[in-house]
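S.K.: Encoded as structure tokens, here's the structure I'll be asking about.
Here, each number is a calculation from the coordinates, and none is a lab measurement. All values reported here derive from a predicted model rather than from experimental measurement.
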Amino acid sequence: MMEPIRTPFADAGRVARPAGRGRRSVGAGAVRAALGSSRALAGAVILGFGLLLAGCSTPVPTFDLSAPSGFTAGGSGSAQLVVTTPTALAVLNTDKIVVEPTPGQLAYLGDAQWGDSLPSLLQARIIQAFENASKLKRVARPGDGVVAQYQLVTDIRMFGLRVTPEGPVAVVELSAKVIGNADGRIVAAQVFRGQAPASGSSGAAATAALDQASNQVLTALVRWASAKF
């Protein structure tokens, strides 16, 4: 038969017996020491468990967008253009990847994220697309010290995975305006839309399809805007 385990608290509530009868009295100091040891042990266990959980947490995979290349854009002007950061509703102004499971309902993928907020990431890729189309010396960011005659203002209308009866589809939609800096006049405006079927709804499949749809939009955008400045 197993004997009961005695703890430092086993005698805490007993009345001390006179010495010499086989039992030693337990004073208040011993009880306080036992309580202190137990609290320290409990704290160490909790801390260790917290560190274990932190060490076991899985980081969310991060994905990037590419800039289209291997194409040219016309336009014989010599003006310069600044590309502002795209505007977006709060649901799109994030590093999370949007999913539309049903019309009008928006959610986020749980196993993927962008490497930056979507507007900042898209601004960088728009500028790179202009540079890849041989507009390297004519396009910059606001604040780069460039005296530009025009600015490209864009708004992200949709940038996410849309679930359809035929399967998930990546949809990218941007509105764009070329504005003259001298008078604030809108020189040209257009909406660009691209889409690509996704092989699934995982982070890797969704971002691959979104990258393809984004390249469609940015190629058309650069070709259109290059003829305006």
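S.K.: Normalised by the number of residues in the stretch 62-226, what is the relative contact order in percent for Cα pairs under 8 Å and 6+ residues apart? Present the calculation step by step, with values, prior to reporting the outcome.
M.R.: Working: 363 pairs, mean separation 44.0, N = 165.
So the answer I get is 27 percent.
S.K.: Please quote Rg/Rh for the stretch 62-226 to two decimal places, taking the Kirkwood radius as Rh and restricting both calculations to Cα atoms.
M.R.: Working: Rg = 16.0 Å, Rh = 16.2 Å.
When Rh is taken as the Kirkwood radius, the ratio is 0.99.
S.K.: To make sure I understand the rule: partners must be aspartates and glutamates, Cα under 19 Å from the Cα of Lys228, and not fewer than 8 residues away in the same chain. Which ones qualify?
M.R.: Cα-Cα hits under 19 Å: Glu131, Asp155, Asp183.
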